[in-house]
Number of protein chains: 2
Amino acid sequence: SSSSMDSGALRKKFMEFPYVSAPHRNLMLELISSMETRIGDSLQPCTLPPDVQYFENPNGSAHASLHLRSGVPSSQIDFILGGWIHCKLPSGGALNITSLSSYLKPSTDAPHFLIDVIQNSRTSLVLILDLTPRKDLILNLDYLKTYYEDTQLDTYRQCLQGLPEVSPYFSPSLYIRSVLSPTAILVGIDTGDGEKSIEEMIQEHISPIAKEIVQLWLDKCASVEKQVGETERAYLAKRDQIIKSKTIEVDLGSSFPRLFGQEVSAQILGVLREYYNA
Amino acid sequence: SSSSMDSGALRKKFMEFPYVSAPHRNLMLELISSMETRIGDSLQPCTLPPDVQYFENPNGSAHASLHLRSGVPSSQIDFILGGWIHCKLPSGGALNITSLSSYLKPSTDAPHFLIDVIQNSRTSLVLILDLTPRKDLILNLDYLKTYYEDTQLDTYRQCLQGLPEVSPYFSPSLYIRSVLSPTAILVGIDTGDGEKSIEEMIQEHISPIAKEIVQLWLDKCASVEKQVGETERAYLAKRDQIIKSKTIEVDLGSSFPRLFGQEVSAQILGVLREYYNA
């Protein structure tokens with residue numbers, strides 16, 4: 001159980017990504033490594049309680065690890081949250097979700113970063129990969145230009161969608177659709193009986209694109225100092241607060257009770273809400 | 001030429017939709033009729049100059065008609081703009097665009113309405129059909145709920161996308177993607193060598209959905225009195241102004257010079273900009 005692990009063992013458990021394929025694990029480790037190499041000095045160690053860093057459901061069919069590192073006070077990083085969830089399915093298969101998101105503070109208006117890889121069968125997954133806008137893009141067309149047009153972000157989406165295994169995915173949550181950027185990669189990948197496996201799709205197509213988008217986020221978003229006035233800071237703080245609490249509600253609140261039971265779920269979500277509001 | 005036509009003849013020309021199929025024409029006439037039956041008393045006659053209500057390019061290969069009716073001062077309707085464009089293509093085919101959009105005034109925050117049917121070959125078209133949000137949906141989750149979740153708008157999109165001839169369409173303009181709602185219908189329809197013709201797709205699938213969405217807009221948006229305070233009016237006016245000027249730029253400004261030549265194009269767009277700013 002997690003209570004017997006020290007912080008080193010808990011971080012190791014997180015970094016194991018123990019239930020996913022090697023290409024999937026490598027993808028996540030490379031993204032985390034890119035982030036920590038570049039902005040590690042701005043991050044505090046994970047301070048989540050041990051039983052939130054690793055937890056299971058009562059009957060042991062679902063396991064998860066969460067790793068949250070807040071930015072130091074002087075940095076623009078609010079926090080980085082990584083995690084994995086594994087759950088045996090009644091069908092005999094398993095659900096594996098891996099996720100990495102980075103939130104910035106209201107001292108900058110640059111986009112947040114988000115990747116979710118949701119594999120629900122041996123031959124299919126859903127990928128969400130985006131730099132999430134912090135502002136209404138219609139009232140801020142210069143923002144749309146700077147972060148989404150000038151960066152050519154849409155070419156990555158086009159590139160993936162050109163592959164026969166890939167098709168657009170529509171989240172059932174209208175909130176999720178609304179919060180993502182117009183260049184968001186939101187796709188289903190189904191290899192069916194095709195020549196390529198999901199593992200090859202991750203290694204050859206998802207990994208290179210995800211790494212480039214993380215680099216872009218590190219270069220143009222996390223590392224650029226911005227002058228943000230008082231009024232705008234308040235606006236960003238308010239909007240970010242909605243994003244964070246709504247994301248917990250939609251992303252985790254809808255699945256956690258089902259996967260981990262009411263008790264474990266309520267405890268984890270309660271702790272996360274505290275950190276998200278911090 | 002348009003200068004010899006009186007206002008009755010110009011309206012008749014607009015309502016002819018002379019270059020499209022009967023089901024396509026009927027779709028547009030039914031939408032216009034639904035609008036005029038319900039809110040006709042709130043609309044002034046079209047006051048566009050005759051040479052903007054109907055125009056051609058110098059060599060006569062492209063024709064267009066525009067019909068703009070402003071709301072009376074006491075109404076919530078800003079204006080309704082309908083139009084058609086026909087252009088012979090060098091390939092021997094033709095490009096036919098029909099469009100109807102309704103903008104509301106800042107005295108209400110309810111969504112605008114928009115339909116664009118862009119047929120660029122005998123077997124394919126692009127459909128854009130949406131209630132366009134007036135506010136940032138993240139900062140206004142109640143607005144998302146009222147107009148997009150509670151109305152079940154997404155079921156129309158799902159219904160269309162379930163058809164084998166229909167696939168999601170991604171506008172090359174990130175502005176267009178940003179301005180649309182999360183339930184926007186933005187699809188390509190390609191009948192290829194299939195059993196159904198484009199005309200049948202319009203009649204059986206597009207028409208019923210477009211008519212329901214217009215009704216929904218008339219019931220829940222155009223006809224509901226809202227209490228909008230001073231600050232919010234100013235916000236809505238500013239955001240609408242961006243939408244209107246950017247829509248002219250992206251939607252018409254990018255194609256009109258190519259279709260109608262610099263001179264005709266500059267004149268038409270100049271007049272439209274005046275009306276849009278009014």
Residue tally, condition touching a Phe, Trp or Tyr at 6+ places or on another chain (Cβ under 7 Å) and of a type in the set (Phe, Trp, Tyr), over the stretch A:216-256: 1
B:Tyr147 vs. criteria under 30 Å from A:Tyr235 (Cβ atoms) and part of a strand (DSSP E or B): no
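Residue by residue, here is whether (1) more than 20 Å from the chain's Cα centre (by Cα); (2) in a loop (DSSP other than H, G, I, E, B) holds:
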{"position": "B:Asp130", "(1), (2)": "no, no"}
{"position": "B:Cys159", "(1), (2)": "yes, no"}
{"position": "B:Leu163", "(1), (2)": "yes, yes"}
{"position": "B:Pro172", "(1), (2)": "no, yes"}
{"position": "B:Val187", "(1), (2)": "no, no"}
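Among the residues that make up the stretch A:229-247, is at least one of them acidic (Asp, Glu), touching a helix residue (DSSP H, G or I) at 6+ places or on another chain (Cβ under 9 Å) and touching a residue at least 60 places away in the same chain (Cβ under 8 Å)?
Here is the first cut: in the stretch A:229-247, the residues acidic (Asp, Glu) are A:230, A:232, A:240.
From what is left, the residues that are touching a helix residue (DSSP H, G or I) at 6+ places or on another chain (Cβ under 9 Å) are none.
Among the residues of the stretch A:229-247, not one is acidic (Asp, Glu), touching a helix residue (DSSP H, G or I) at 6+ places or on another chain (Cβ under 9 Å) and touching a residue at least 60 places away in the same chain (Cβ under 8 Å), which makes the answer no.
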Within the stretch B:99-116, considering residues that are of a type outside the set (Gly, Ala, Ser) and part of a strand (DSSP E or B), the one farthest from the other protein chains (Cβ to nearest Cβ): B:Leu100
Flag for A:Ile213 being assigned to a helix (DSSP H, G or I), away from chain B (no Cβ under 14 Å) and within 18 Å of A:Leu125 (Cα to Cα): no
Residues (assigned to a loop (DSSP other than H, G, I, E, B), within 19 Å of the chain's Cα centre (by Cα) and among the hydroxyl-bearing types (Ser, Thr, Tyr)) located in the stretch B:19-71: B:Tyr19, B:Ser21, B:Thr47
Residues of the stretch A:142-152 that turn out to be surrounded by fewer than 21 Cβ atoms within 10 Å (Cβ to Cβ), of a type outside the set (Asp, Glu) and either touching a helix residue (DSSP H, G or I) at 6+ places or on another chain (Cβ under 9 Å) or touching a residue at least 12 places away in the same chain (Cβ under 8 Å) (or both), as a count: 4
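If only one of B:Pro168, B:Pro111 is closer than 19 Å to A:Leu174 by Cα and open to solvent by less than 30 Å² (accessible area, probe 1.4 Å), which one is it?
Details: B:Pro168 fails: open to solvent by less than 30 Å² (accessible area, probe 1.4 Å).
Answer to the check: B:Pro111.
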Where B:Leu139 falls short, out of the listed (1) in contact with a Leu (Cβ under 6 Å, 6 or more places away or on another chain); (2) surrounded by fewer than 21 Cβ atoms within 10 Å (Cβ to Cβ); (3) of a type in the set (A, V, I, L, M, F, W, C): (1)
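Quick check, is B:Leu259 under 30 Å from B:Ser121 (Cβ atoms) and free of Cβ contacts under 8 Å to residues at least 60 places away in the same chain? Break it down into steps so the answer makes sense when it comes.
Numbers: under 30 Å from B:Ser121 (Cβ atoms): yes; free of Cβ contacts under 8 Å to residues at least 60 places away in the same chain: no.
No, not satisfied.
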Candidate set from the stretch B:255-278 (those that are open to solvent by less than 50 Å² (accessible area, probe 1.4 Å) and of a type in the set (Gly, Ala, Ser)); member that is nearest to B:Leu95 (Cα to Cα): B:Ser255
Close pairs (9 angstrom Cβ cut-off, 6 or more residues apart or separate chains): away from chain A (no Cβ under 14 Å) and without any contact (Cβ under 8 Å) to a residue 60 or more places away in the chain in the stretch B:117-141, hydrophobic (A, V, I, L, M, F, W, C) and not in a strand (DSSP E or B) anywhere: B:Asn120/B:Leu89; B:Ser121/B:Leu89; B:Ser121/B:Ile198; B:Ile128/B:Ile176; B:Ile128/B:Leu180; B:Ile128/B:Ala184
Which numbered condition B:Lys12 misses (of (1) closer than 28 Å to B:Lys105 by Cα; (2) open to solvent by 60 Å² or more (accessible area, probe 1.4 Å); (3) touching a helix residue (DSSP H, G or I) at 6+ places or on another chain (Cβ under 8 Å)): (3)
Which listed residue, of A:Leu174, A:Leu252, is of a type in the set (A, V, I, L, M, F, W, C), open to solvent by less than 40 Å² (accessible area, probe 1.4 Å), free of Cβ contacts under 8 Å to residues at least 24 places away in the same chain and under 18 Å from A:Trp84 (Cα atoms): A:Leu252
Meets criteria (among the basic types (Lys, Arg), farther than 25 Å from A:Ser254 by Cβ, loosely packed, with under 13 Cβ neighbours inside 10 Å and touching a residue at least 24 places away in the same chain (Cβ under 8 Å)) for A:Lys226: yes
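Between A:Thr155, A:Thr132, A:Thr183, which is surrounded by 22 or more Cβ atoms within 10 Å (Cβ to Cβ) and hydroxyl-bearing (Ser, Thr, Tyr)? Spell out how you get there, then give the answer.
Values: A:Thr155 fails: surrounded by 22 or more Cβ atoms within 10 Å (Cβ to Cβ); A:Thr132 fails: surrounded by 22 or more Cβ atoms within 10 Å (Cβ to Cβ).
From the options A:Thr155, A:Thr132, A:Thr183, the qualifying one is A:Thr183.
The values are calculated or read from the model by the stated rules, or taken from the named source; none is laboratory data. Keep in mind that what you see is a predicted model, and the values were worked out from it rather than measured. Note: ideal-geometry Cβ built from the backbone for every residue, glycine included; neighbour counts use all protein chains shown. Heads up: the accessible areas ignore ligands, DNA and RNA and are worked out on the full protein's heavy atoms, side chains in. Shrake-Rupley method; radii C 1.70, N 1.55, O 1.52, S 1.80 Å.
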